[in-house]
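The values are calculated or read from the model by the stated rules, or taken from the named source; none is laboratory data. The structure displayed is predicted, hence computed values, not measured ones. Backbone-built Cβ (ideal geometry, glycine too); neighbour counts: all protein chains shown. With ligands, DNA and RNA removed, areas are computed over all heavy atoms of the protein, side chains included. Shrake-Rupley method; radii C 1.70, N 1.55, O 1.52, S 1.80 Å.
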Amino acid sequence: MRLTVSTWNINSVRLRIDLVRRFLDEAKPDVLCLQETKCPDDRFPLKELQGFGYPHVVFAGQKGYNGVAILSRLPLVTREVMSFCERQDARHISALLGPEAGAAAGIAIHDLYVPAGGDVPDPKLNDKFAHKLSFMDELRAWGGRRPSGPAILVGDLNVAPLEHDVWSHKQLLDVVSHTPIETERLETLRGEAGWIDTLRHLRPPPEKIFTWWSYRSPDWAAADKGRRLDHIWVTPDLAGTVKSVTVARHTRAWEKPSDHVPVTVELEL
């Protein structure tokens, strides 16, 4: 059985719902995980998304900020939301693929949106950066503990951990998302829990891979000053099933795009 899972920071699901439909029509993933839906639950466009051929949807949102959602062609049997740093700020949702999902049954999917961290990489001067580091510490403590079974963790983790995950390692060492304190934290929490970084599992350095390009760059494609902020990790029991991971760079050129692009993993179960 082939299982495809995509992740995309959509930067407002209502504003970009036509882009969601376009991507789903084009890529046809079995599961799409969204971040930054920026939508309270009572205004979430559930019926529209279900009308795109994804009847199974779980979501957690709030007005204006954050928000996560999982859209699935396959049945989902659970909905769980974790909170971090004593905040109910819609940065995590998880679901379990149900018995009718065939070989994919029992796989847990975790959708995460890690805080961006502001502009100043000093927790003493920047509360947003302090929050980001605390969030990552709690994510490390959680680690992925769950009932026994395979799992996939996806999302905008807001860290480009490796040298070749950014356009210039040296120039970005003091820029939030690529500072050593962040990259070391992310790689430590991933390694301790045994998560496999699927993109780098199949496409190791020195290949440069980006999933985000700033809106501040009017000619983003030519400048290509990107960062790999969006990730798909799997538990070790799924490592051998990973057949491909693709980055839909072309969606960054769509009209009124998100500054992130979708990443899709294909598993052969």
Relative contact order %, the stretch 2-268, counting alpha carbon pairs below 8 Å whose residues are six or more apart: 18
Using θ = phi - 60° and Karplus 6.51 cos²θ - 1.76 cosθ + 1.60, couplings along the stretch 234-251 (whole Hz; Gly, Pro as x): 10, 6, x, 5, 9, 4, x, 8, 6, 9, 7, 9, 10, 10, 7, 4, 4, 5
Ranked by how many other beta carbons lie within 10 Å on average, peptides 22-35, 54-67, 206-219 from highest: 22-35, 54-67, 206-219
Compactness relative to 2.2 N^0.38 Å, alpha carbon Rg of the stretch 190-266: 1.22
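Evaluate the relative contact order of the stretch 94-207 (contact order divided by residue number), counting alpha-carbon pairs under 8 angstrom at least 6 apart; express in whole percent.
On the way: 147 pairs, mean separation 28.8, N = 114.
Relative contact order here is 25 percent.
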Whole-number accessible area per residue in Å² for the stretch 111-269, which is evaluated in the context of all protein chains at 1.4 Å: 44
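What percentage of the solvent-accessible surface of the stretch 2-268, computed with a 1.4 Å probe over protein heavy atoms, is contributed by carbon and sulfur atoms?
Numbers: 5800 of 11620 Å².
C and S fraction of accessible area: 50 percent.
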Charge sum, other residues only, whose C-beta stays under 12 Å from Glu255's C-beta, Lys/Arg counted +1 and Asp/Glu -1: +3
Among the listed pairs Lys124/Lys170; Lys132/Lys243; Lys132/Lys170; Lys63/Lys256; Lys63/Lys124, those beyond 26 Å (Cα-Cα): Lys132/Lys243; Lys63/Lys124
